[in-house]
Amino acid sequence: MAATQTTELGGRRRSHRAGWLRLRLSLLLQILSVCAFLALWSVATEHGWVSTIFLPSPRAVAAEAGKLIGTGELWQAVAASSRRVFLGFALAAVVAVPLGIVMGVWWPAKAVMDPFVSLLRPLPSITWIPLSILWLGIGESQKTAIVFMGSWIYILLYTIESTKRVDPLLIRAARNLGASDVAIMREVILPGALPGILSGLKVTLAISWSCVISAEMVAAQTGLGAIIWYGKDWGNLALVLVGMVGISITVLLADVLAERIERLLLPWERHRRG
């Protein structure tokens, strides 16, 4: 018995050590790949392989980013876009998650809502911009509305599918033990659907960023989308790339934060994530 326990403990240590090493090697490869890409980009622009008219050098992009950081414009743009995204995204989640759960467990609600979902699902967020400007003007509420309209339908669909995939045997077992409908919803359906719902929220968060950038490019004085559009109008491709990189880094940080929140909300899933 003691020998078996020792063997299992040694196996777990080796597995942990191998996982730690793989994580470090993965991080190293990621850093090296980025450095290699930047080096190739720099060489291509410096030696004229690619015209700087079409692609500015990394040095020019860094210089443009330094100017915006120095004046504080970049942080203001990130803050403005982030505020619009998270407000619209939060409103979409508050509406879509409860509605999706109800539609997933109660067929009359799904039958009533399905025609509207089928009509709205193919419409990209940019198609709502003319109507939103007409209804709300070009202020903050219009940007928030675009994020909401571009996000809620996807959150709804993820929530419906996640709710429908909860094991019906668990629901029957809870009902046989005398659980009420409210208790089944709270203790069985919601925990069972939560991993899928959170995955859907993470995917939709990236979609929300594309929505706000579209809105900012059309009618905004601040935000990362406005920076990109301003750079386009003045032929400043370095500024355009600064805005694009700003979006990528901001979304990456948001993904890291979402991953941490997911780990807190789903402690029973940690062993699957490593």
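The values are calculated or read from the model by the stated rules, or taken from the named source; none is laboratory data. Just so it is clear, the structure is predicted and the values come from calculations on it, not from any experiment. Here the Cβ is made from the backbone with ideal geometry for all residues, glycine too, and neighbour counts use every protein chain on show. The protein model used for the area step is the full one, side chains on, heavy atoms only, and it has no ligands, DNA or RNA in it. Shrake-Rupley method; radii C 1.70, N 1.55, O 1.52, S 1.80 Å.
Give, as a single signed number, the net charge of other residues whose beta carbon lies under 13 Å from the beta carbon of residue 73, with Lys and Arg counted +1 and Asp and Glu -1. Can you show the working numbers first?
Numbers: positive: 67; negative: 64.
Summing Lys/Arg as +1 and Asp/Glu as -1 gives 0.
What's the local net charge at residue 53, with K and R +1, D and E -1, over the other residues with C-beta under 15 Å away? Please list the in-between numbers first.
Values: positive: 232; negative: 46.
Combined, the nearby Lys, Arg, Asp and Glu give 0.
Which chymotrypsin sites (Phe, Trp or Tyr not before Pro) in the stretch 186-274 pass both tests, a DSSP loop state and at most 13 other beta-carbon atoms within 10 Å?
Details: sites: 209, 229, 230, 234, 268; in loops: 234.
Listed in order of number, the matching sites are 234.
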- Taking protein heavy atoms only, a 1.4 Å probe, and rounding to whole percent, the accessible area of the stretch 128-197 owed to carbon and sulfur comes out at 67
- Mind giving me the nanometre distance, one decimal, between the label points for residue 164 and residue 249, set 7 Å out from Cα along Cα→Cβ? 4.2
- Message: Number of Lys pairs in the chain with C-alpha atoms less than 22 angstrom apart, excluding same-chain neighbours closer than eight positions?
- Response: 5
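Nearest 0.05, what FRET efficiency do residue 51 and residue 31 give at R0 = 35 Å with Cβ-Cβ as r?
Details: r = 29 Å, r/R0 = 0.83.
My answer for the efficiency is 0.75.
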- Message: From the gyration tensor of the Cα coordinates in the chain, what semi-axes in whole Å does the equivalent ellipsoid have, largest first, with each one equal to sqrt(5λ)?
- Response: 41, 33, 13
- Message: Starting from the 7 Å offset along Cα-to-Cβ, what nm value, one decimal, do you get for the label separation of residue 111 and residue 23?
- Response: 5.1
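For residue 227, what is the net charge nearby, where nearby means another residue's Cβ is under 9 Å from its Cβ and Lys, Arg count +1, Asp, Glu -1?
Details: positive: none; negative: 73, 216.
Summing Lys/Arg as +1 and Asp/Glu as -1 gives -2.
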- Query: Ordering 175, 165, 84 from largest to smallest accessible area (1.4 angstrom probe), what's the sequence?
  - Reply: 165, 175, 84
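Between residue 258 and residue 180, what FRET efficiency comes out of the Förster formula 1/(1 + (r/R0)^6) with R0 = 22 Å and r the beta carbon distance, rounded to 0.05? Don't jump to the answer; show the numbers that get you there.
Values: r = 33 Å, r/R0 = 1.48.
According to the calculation, E is roughly 0.10.
Just to be sure I understand the rule: take each whole DSSP H helix in the chain, project its Cα atoms onto its long axis, keep it if the span is 18 Å or more and its mean Kyte-Doolittle hydropathy is at least 1.0. Which ones pass?
Working: long enough: 2-46 (66 Å, 0.31); 58-71 (20 Å, 0.34); 73-105 (48 Å, 1.45); 107-120 (19 Å, 0.86); 140-164 (36 Å, 0.38); 190-218 (41 Å, 1.32); 237-265 (42 Å, 1.74).
Taking the DSSP H segments of the chain (at least 18 Å long, mean hydropathy at least 1.0), we get 73-105, 190-218, 237-265.
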- May I ask you to give the solvent-accessible area per residue for the chain, in square angstrom, as obtained with a 1.4 angstrom probe? 61
- Task: Keeping all protein chains in position, work out how much accessible area residue 138 exposes to a 1.4 Å probe, and write it in Å² to the nearest 10.
- Result: 110
- Query: Separation between the residue 221 and residue 86 pseudo-spin-labels, each 7 Å from Cα along Cα→Cβ, expressed in nm?
  - Reply: 2.4
